[in-house]
């Protein structure tokens, strides 16, 4: 039999009995399903998540940092190529050029990733569908998103 019991145990004279796992999880599951079927609650949560997601995509400073770094690398590569065109070629210039090109390739990959984060903006409908499907197919995952702890009292 799986069960929950008081965390503090005997230290704080916990009077709550050991409670069966299925009972507590059933009550929590029922509560969440009720709360997410109330349109006002679902709309409220959806609005909060939607606004937070919009803020994140707007303040994506890593994208601008990557672009400025890319510009700096391109300038450096251009300068080395100019030196090579003038006949200044050494092992150092060759290795530095290869190093800069590798850095540019890495940055291009990061740039693609960051741009893909921005190009797809979640809609409120996407968020609501996520909650509905998650609650239906994976209720324990939906509960894990919101539940921090459950307090059990002697009478409730």
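Quick rundown of the values:
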read-out: Any pair with Cβ under 6 angstrom, 6 or more apart, that starts in the stretch 98-111 at a residue that is closer than 11 Å to residue 77 by Cβ and ends at one that is surrounded by 15 or more Cβ atoms within 10 Å (Cβ to Cβ); value: 100/73; 100/76; 100/77; 103/73; 104/73
read-out: Number of the exception - residue 128 against (1) outside the structural domain of residue 18 (by TED's automatic domain parsing); (2) surrounded by 12 or more Cβ atoms within 10 Å (Cβ to Cβ); value: (1)
read-out: Selected residue [under 30 Å from residue 143 (Cα atoms) and without any contact (Cβ under 8 Å) to a residue 12 or more places away in the chain] from 95, 78, 64, 116; value: 116
read-out: Checking residue 19 against (1) modelled with pLDDT of 85 or more; (2) touching a strand residue (DSSP E or B) at 6+ places or on another chain (Cβ under 9 Å), the condition it does not meet; value: (1)
read-out: One residue from 101, 115, 140 being in contact with a helix residue (DSSP H, G or I) (Cβ under 9 Å, 6 or more places away or on another chain) and either in a loop (DSSP other than H, G, I, E, B) or under 30 Å from residue 20 (Cα atoms) (or both); value: 140
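The values are calculated or read from the model by the stated rules, or taken from the named source; none is laboratory data. Small disclaimer: the values here were computed from a predicted structure and weren't measured. Using ideal geometry, Cβ is built from the backbone for each residue, glycine included, and neighbour counts are taken over all protein chains shown.
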